[in-house]
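Peer 1: Got a structure for you, written out below as structure tokens; questions coming shortly.
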Amino acid sequence: MSDQRKTVAESRSSEESEDRLTSIAHADWERLRQMVSVCTACPLSLTRKQTVFGVGDEQADWLFIGEGPGAREDELGEPFVGQAGKLLDNMLQAISLSRDQDVYITNIVKCRPPDNRNPKDTEAGQCRPYLLRQITMIQPRLIVALGKVAAQNLLDTDASIASLRGRLHEFSGIPLIVTYHPAYLLRSLADKTKAWEDLCFARETMRNLQAAHPS
Ligand code: URA
Ligand code: SF4
């Protein structure tokens, strides 16, 4: 390929990705859902059964963000419906929440990473515009990052969960709290107490946010 042709091809591809970003940034819920359902922007599209967009109240105060769909989610098209999901439902219930009321649940990547490996940074990067659009439309008062992958991705850090939990962070102006992933808690009962503390902290933070700006 001559240098000139390469430049033309490269600029075409960067125009295409700019078009993609512009479309995502302007999409309404229906369009965004449709775009995700046919997305091939990263290699996870090759191995998924279906995309897992997100579920819940599109005007929720609470936004819970996990890592990516597992086997069960890939089959059913809904986040957190396997074992970890049952624990998440219990965690929500413990602070008087449920997945369809005032709560929205989604993931960093919308397609299942094969063998439940962590999503790669490149995959999370390609998927991020969808998450950003979801956040812009929901305008949650508080984001809860579930586990290391979500926390590290959203906060752009390599820090451990242990060091990130217990304090208030921010994601593009929105307060964010970090806690353990429910799948991890299923394996590590010792940290369940800490997760409970995190939930209480989140509930308290939400009360303060709601009191400061009643809707
Ligand atoms: N784990 C996640 O992080 N997300 C899901 O949707 C299910 C399991
Ligand atoms: Fe597209 Fe996200 Fe699925 Fe990758 S993970 S194919 S970016 S929807």
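The values are calculated or read from the model by the stated rules, or taken from the named source; none is laboratory data. Being a predicted model, the structure only gives us computed values, none of them experimental. For neighbour counting, all protein chains shown are included, and Cβ atoms are generated from backbone atoms with ideal geometry for every residue, glycine included. Surface accessibility is based on the protein's heavy atoms, side chains included, excluding ligands, DNA and RNA. Shrake-Rupley method; radii C 1.70, N 1.55, O 1.52, S 1.80 Å.
Peer 1: Kindly indicate whether any position in the range 147-157 is closer than 15 Å to L63 by Cβ, hydroxyl-bearing (S, T, Y) and not in a strand (DSSP E or B).
Peer 2: no
Peer 1: Out of E10, E15, report the one residue that is modelled with pLDDT under 95 and under 19 Å from T122 (Cβ atoms).
Peer 2: Numbers: E15 fails: under 19 Å from T122 (Cβ atoms).
Only one candidate qualifies: E10.
Peer 1: Another question, then. Condition check: open to solvent by 20 Å² or more (accessible area, probe 1.4 Å), hydrophobic (A, V, I, L, M, F, W, C) and touching a Pro at 6+ places or on another chain (Cβ under 8 Å). Does V109 satisfy that?
Peer 2: Details: open to solvent by 20 Å² or more (accessible area, probe 1.4 Å): no; hydrophobic (A, V, I, L, M, F, W, C): yes; touching a Pro at 6+ places or on another chain (Cβ under 8 Å): yes.
Spelling it out, it is not the case that V109 is open to solvent by 20 Å² or more (accessible area, probe 1.4 Å), hydrophobic (A, V, I, L, M, F, W, C) and touching a Pro at 6+ places or on another chain (Cβ under 8 Å).
Peer 1: Given the conditions (1) open to solvent by 80 Å² or more (accessible area, probe 1.4 Å); (2) closer than 30 Å to E18 by Cβ; (3) hydroxyl-bearing (S, T, Y), which single one is not true for T157?
Peer 2: (1)
Peer 1: Could you pull out the residue among A183, A150, A190, A212 that is within 12 Å of E67 (Cβ to Cβ) and open to solvent by 20 Å² or more (accessible area, probe 1.4 Å)? First the steps, then the outcome.
Peer 2: Values: A150 fails: open to solvent by 20 Å² or more (accessible area, probe 1.4 Å); A190 fails: within 12 Å of E67 (Cβ to Cβ); A212 fails: within 12 Å of E67 (Cβ to Cβ).
A183 is the lone residue from the list that is within 12 Å of E67 (Cβ to Cβ) and open to solvent by 20 Å² or more (accessible area, probe 1.4 Å).
Peer 1: Would you point out the residue of the range 71-95, among those that are part of a loop (DSSP other than H, G, I, E, B) and in contact (Cβ under 8 Å) with a residue 60 or more places away in the chain, that is nearest to ligand 2 (Cβ to nearest atom)?
Peer 2: Going through the range 71-95, the residues part of a loop (DSSP other than H, G, I, E, B) turn out to be 77-82, 95.
This time we only want the ones that are in contact (Cβ under 8 Å) with a residue 60 or more places away in the chain, so: 80, 95.
On the way: F80: 16, I95: 29 Å.
That would be F80.
Peer 1: Examine the range 46-66 for a residue that is part of a helix (DSSP H, G or I) and in contact (Cβ under 8 Å) with a residue 24 or more places away in the chain, and state whether such a residue exists.
Peer 2: Narrowing the range 46-66 to residues part of a helix (DSSP H, G or I): 46.
Adding the requirement that they be in contact (Cβ under 8 Å) with a residue 24 or more places away in the chain leaves none.
Within the range 46-66, not a single residue is part of a helix (DSSP H, G or I) and in contact (Cβ under 8 Å) with a residue 24 or more places away in the chain.
Peer 1: S163 passes all but one of (1) more than 28 Å from H213 (Cα to Cα); (2) touching a residue at least 24 places away in the same chain (Cβ under 8 Å); (3) part of a helix (DSSP H, G or I); (4) open to solvent by 10 Å² or more (accessible area, probe 1.4 Å); which number fails?
Peer 2: S163 satisfies all of (1) more than 28 Å from H213 (Cα to Cα); (2) touching a residue at least 24 places away in the same chain (Cβ under 8 Å); (3) part of a helix (DSSP H, G or I); (4) open to solvent by 10 Å² or more (accessible area, probe 1.4 Å) except (2).
Peer 1: Which residues, taken from the range 135-146, are buried (at least 22 other Cβ atoms within 10 Å of the Cβ) and part of a helix (DSSP H, G or I)?
Peer 2: I138
Peer 1: I'm checking my understanding of the structure. Among residues of the range 115-129 that are closer than 13 Å to C42 by Cα and either open to solvent by less than 30 Å² (accessible area, probe 1.4 Å) or among the acidic types (D, E) (or both), which one is farthest from ligand 2 (Cβ to nearest atom)?
Peer 2: D121
Peer 1: What do you reckon, is R165 among the charged types (D, E, K, R) and in contact with a Lys or Arg (Cβ under 8 Å, 6 or more places away or on another chain)? Quick ask: steps written out before the conclusion?
Peer 2: Details: among the charged types (D, E, K, R): yes; in contact with a Lys or Arg (Cβ under 8 Å, 6 or more places away or on another chain): yes.
Against the criterion (among the charged types (D, E, K, R) and in contact with a Lys or Arg (Cβ under 8 Å, 6 or more places away or on another chain)), R165 qualifies.
Peer 1: Now a separate question. Go through the range 166-180 and give me each residue that's of a type in the set (S, T, N, Q) and open to solvent by 30 Å² or more (accessible area, probe 1.4 Å). Show your work before the answer.
Peer 2: Looking only at the range 166-180, we keep the residues that are of a type in the set (S, T, N, Q), and these are 172, 179.
Matches in the range 166-180: S172 only.
Peer 1: Just the residues that are touching a residue at least 24 places away in the same chain (Cβ under 8 Å) and in a helix (DSSP H, G or I), please, taken from the range 96-120.
Peer 2: Scanning the range 96-120 gives P114, N116.
Peer 1: Continuing with the same structure: Against the condition in a loop (DSSP other than H, G, I, E, B), modelled with pLDDT of 95 or more and away from ligand 1 (no atom under 16 Å from the Cβ), how does Q34 come out, does it pass?
Peer 2: Values: in a loop (DSSP other than H, G, I, E, B): no; modelled with pLDDT of 95 or more: yes; away from ligand 1 (no atom under 16 Å from the Cβ): yes.
When the stated conditions are applied, Q34 does not pass them.
Peer 1: How many residues does the range 37-67 hold that are buried (at least 23 other Cβ atoms within 10 Å of the Cβ), within 15 Å of ligand 2 (Cβ to nearest atom) and among the aliphatic types (A, V, I, L, M)?
Peer 2: Qualifying residue count for the region: 3.
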